[in-house]
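Comments concern the structure below.
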Amino acid sequence: MLAKICSAAVNGIEAYPVEVEVNVGFGETLVVIVGLPDAAVRESRDRVGTALTNSGFKFPIGRTTINLAPADVKKEGPSFDLPIALGVLAADGQIETDQLDNFIIVGELALTGAVRSVKGVLPVALRAKAEGKIGVLVPVENAPEAAVVAGLQVIPVRNLREAASFLEGELTIAPTKVDTSKLFDHPGDDPLDFADVKGQENVKRALEIAAAGGHNLLLIGPPGTGKSMLAKRLTTILPPLTLDEALETTKIHSIVGLLQPGQALVTQRPFRAPHHTASDAGLLGGNINPTPGEISLAHHGVLFLDELPEFKRSVLETMRQPLEEGKVTISRAAGTMTFPSQFMLIAAMNPTPDGKMPHESRSSPREIQNYLGRISGPLLDRIDIHVEVPQVQFRDMTSQKTGESSAEIRGRVICARKRQHQRFAGTKVTCNARMGTRELRQSCALDEATNELLKFAMSDLNLSARAYDRILKVARTIADLAGSEPITSEHVSEAIQYRSLDRQLWT
């Protein structure tokens, strides 16, 4: 007898339908799984057989053939355990149901018959809706994640017996429901706040500009000046995630398995800080079967690279395309996959090899230049703001006065972002940092006096040509923070000072 179960698998960050066909026939008792299964899928025959027995069912006698279609795509992971087990029961006549075509089913089976959580349930739920299915059968831990997809019945199952009884109509299971609007209500008890930062007003101003325009930023200063502390607080002043952004971010975290049990959505912007020993695959994603790396896990959030010159040159160079295009494409023998990677890059570094400022360092000018030369010009070209982080003054460290809170700064950032959304409505541009040539020409027009100032700065301060567009983009953001539509000389002057490395300060 033949039975068909609807399931799904993830390729990249999208799911595709998989039809689990099970045929129970005569002959020697044998289980054969075809359809390009990997080791985890092949091992499911042992898990399924034991789970069936321990759940009070009988494993069929005779040759059982299981086909995972489409047969030309490699199937991975244990998420096919539950649909295979239900397919075996249906093919052997141990359950009778007409609901198999209405649901997409995923789940890993324990030897006891319990259903364990799996990765990538949100993409699977989105695929089920696209396929016109009534709902999905998923593990209890994954149910809130799938329930964020509106118009889909999400049936949480704890064990194989429960899933079989539901499909036969003997058991009623209430679909899991999630109010997505309440997921974004945060109590405001974030332990990180800019009010705790002593001094460093110029650096906090630069971080505010970076957050308002989505600009990449490089912090340059000696050890102990608070570079990491400031960077970790950047997410507290970024605008809140929209529902669409949260869904994109959650899909990536779901397929990597970073969602907590029962977590429905990633509702706060991610902050990723990989160690400087990270490999190309760790940062960009990859391996034999490509999975997202750190830059994709930071999608719609912040990627913090501390000790930037200590990263391998090859690793840093691979970031150039994702920084420019907002996505990373990985080609392997198994196929080509594209992962989104629209993130803010915040990097930190010492000014010299020994960590001291150039005028205090014992390093020679050549040693300093070689140290800075570990960061290539093309990569530096994609970092809009360079800001120096000086030592904190004693009077600031001992002062009882607190600075502006993250909530106050965030309010200004949100207002500036709203101006940008109105300006770029109907385009793919999401913030000033992602303006193309056309948007730059339309939104960053300068009057004659301001243009002369920029011309003088380019010549007198020996600024490179690559700094021109960056200065205009940062000036546009400064004007937005000030609520000004035209860009004035004051805005351009402030933007110019954020090009420390272009001014060849360290040489």
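The values are calculated or read from the model by the stated rules, or taken from the named source; none is laboratory data. Note that the structure is predicted; figures quoted are calculated from it, not measured. Because the Cβ atoms are built from the backbone with ideal geometry, glycine has one as well, and the counts that use them run over all protein chains shown. These accessible areas exclude ligands, DNA and RNA; they are computed on the full protein's heavy atoms, side chains included. Shrake-Rupley method; radii C 1.70, N 1.55, O 1.52, S 1.80 Å.
Points to keep in mind about this one:
- For the stretch 1-139, the Stokes-Einstein estimate of translational diffusion at 37 °C and a viscosity of 0.692 mPa s comes to 222 µm²/s, using the Kirkwood hydrodynamic radius over alpha-carbon pairs.
- For His386, solvent-accessible area (1.4 Å; no DNA, RNA or ligand), Å²: 0
- Directionally averaged projected area (convex hull, Cα atoms, the stretch 193-234), nm²: 2.9
- By DSSP, the beta bridges lying fully in the stretch 290-411 are antiparallel in about 60 percent of cases.
- Nonlocal amide H pairs with Val302, under 5 Å, H built at 1.01 Å: Phe271, Arg272, Met344
- Alpha carbon centroid spacing (whole Å) that separates the stretch 357-428 from the stretch 119-185: 44
- Reachable lysines from Lys74, criterion Cα separation under 18 angstrom, eight or more residues apart if same chain: Lys119
- Taking all protein chains together and rolling a 1.4 Å probe, Thr437 ends up with roughly 110 Å² accessible.
- Heavy-atom accessible area, probed at 1.4 angstrom with all protein chains present, ranks Ser44, Ser464, Ser331 as Ser331, Ser464, Ser44, highest first.
- Oblate is the label for the stretch 89-163. Its Cα gyration tensor axes, ordered a ≥ b ≥ c, give a/c of at least 1.5 and b/c at or above a/b.
- Exposure rank, largest accessible area first [His359, His300; 1.4 Å]: His359, His300
- In the stretch 124-171, the trypsin sites (Lys or Arg not before Pro) that fall in loop regions by DSSP, at most 16 other Cβ within 10 Å: Arg158
- Helix-only CD estimate at 222 nm, as mean residue ellipticity for the chain, using -39500 (n - 2.57) per DSSP H run (n ≥ 4): -10000 deg cm²/dmol
- Using a probe of 1.4 Å, the accessible surface attributed to Val24 totals some 20 Å² when neighbouring protein chains are kept in position.
- Cα principal axis extents for the chain, largest first, Å: 88, 48, 44
- HN-Hα J in Hz across the stretch 15-32 - Karplus 6.51, -1.76, 1.60, θ = phi - 60°, x for Gly and Pro: 9, 10, x, 10, 9, 9, 9, 10, 10, 10, x, 8, x, 5, 5, 7, 10, 10
- Shape of the stretch 208-339, Cα gyration tensor, a/c cut at 1.5: oblate
- Rel. contact order, % - alpha carbon contacts under 8 angstrom, at least six apart, the chain: 13
- Considering only beta bridges that DSSP places wholly inside the chain, some 45 percent are antiparallel.
- 3J(HN,Hα) along the stretch 132-138: x, 6, 5, x, 9, 9, 9 Hz, from the Karplus curve 6.51 cos²θ - 1.76 cosθ + 1.60 with θ = phi - 60°, whole Hz, x for Gly and Pro.
- log₁₀ of I(q)/I(0) at q = 0.14 Å⁻¹ - the stretch 406-507, Debye sum with one point per alpha carbon: -0.55
- Apportionment of accessible area to carbon and sulfur, the chain, percent (1.4 Å): 49
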